[in-house]
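Each remark here refers to the structure printed beneath this line.
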Amino acid sequence: MPTPTTIEPLNQHEEAFLRVLGRVMTRLPRVVDADMLQEQPITGGEYMVLVHLSEAPDNHLRMSEVAQACGLSLSGMTRVVNRLESRSLVLRQKCPEDGRAWLAVLTSSGWTQLKQAWPTNLASVRRHLFPRLEGCDIVAATRVLERIAPM
């Protein structure tokens with residue numbers, strides 16, 4: 001492992017970028033959650049679970065796949081799915097191909113909630129994110145962020 005004396009310190013631009021990125025990663029989910037909870041019974045994070053399940057074949061994914069897609073640990077995803085399952089938005093089933101794995105399955109109530117929450121989520125990200133990116137090359141920014149967090 002490198003020692004602090006062999007690692008080049010961040011320059012002022014790298015340090016500034018790292019700090020701003022950290023604030024964005026913390027602030028954006030909080031403001032979207034607040035907006036969602038004002039109008040919907042689900043958070044932005046719960047909404048994203050429903051989105052990923054809605055896009056999956058047969059509307060189900062292994063718990064580990066949903067966790068990875070949402071950037072959560074498996075235990076964190078289990079807590080989210082427990083909340084969604086308690087509201088009948090998601091169902092948990094044993095994976096038929098692997099008896100050790102569990103699937104998260106979007107229910108018809110989950111579809112309904114997703115459709116109802118979509119305008120709130122859209123308005124939130126339009127309000128908090130995209131106006132601040134006016135004049136930026138969104139495609140280039142997406143490519144840069146994908147280098148940091150590839151699928």
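The values are calculated or read from the model by the stated rules, or taken from the named source; none is laboratory data. Computed from a predicted structure; not experimentally measured. Glycine gets a Cβ as well: all are built from the backbone with ideal geometry, and neighbour counts include every protein chain shown. Protein only, heavy atoms only, side chains kept; ligands, DNA and RNA dropped before computing areas. Shrake-Rupley method; radii C 1.70, N 1.55, O 1.52, S 1.80 Å.
Of the residues in segment 142-151, how many are hydrophobic (A, V, I, L, M, F, W, C) and open to solvent by less than 100 Å² (accessible area, probe 1.4 Å)?
Total satisfying the criteria: 3.
Sort out which residues of segment 47-88 are open to solvent by less than 10 Å² (accessible area, probe 1.4 Å), touching a Leu at 6+ places or on another chain (Cβ under 6 Å) and touching a residue at least 24 places away in the same chain (Cβ under 8 Å), and write them in order of number.
Across segment 47-88, the qualifying residues are Leu50, Leu53.
Has segment 26-46 got any residue that is in a helix (DSSP H, G or I), at pLDDT below 95 and open to solvent by 70 Å² or more (accessible area, probe 1.4 Å)?
Looking through segment 26-46, none of the residues is in a helix (DSSP H, G or I), at pLDDT below 95 and open to solvent by 70 Å² or more (accessible area, probe 1.4 Å).
Quick one: in segment 108-121, of everything that is open to solvent by less than 80 Å² (accessible area, probe 1.4 Å) and among the small types (Gly, Ala, Ser), which residue is farthest from Val51 (Cα to Cα)?
Ser109
Filter segment 122-141 down to residues that are open to solvent by less than 70 Å² (accessible area, probe 1.4 Å), without any contact (Cβ under 8 Å) to a residue 60 or more places away in the chain and within 17 Å of Asp33 (Cα to Cα), then give me how many there are.
1
Within segment 74-84, is there a residue that is touching a strand residue (DSSP E or B) at 6+ places or on another chain (Cβ under 7 Å) and part of a helix (DSSP H, G or I)?
Yes: segment 74-84 contains one or more residues that are touching a strand residue (DSSP E or B) at 6+ places or on another chain (Cβ under 7 Å) and part of a helix (DSSP H, G or I).
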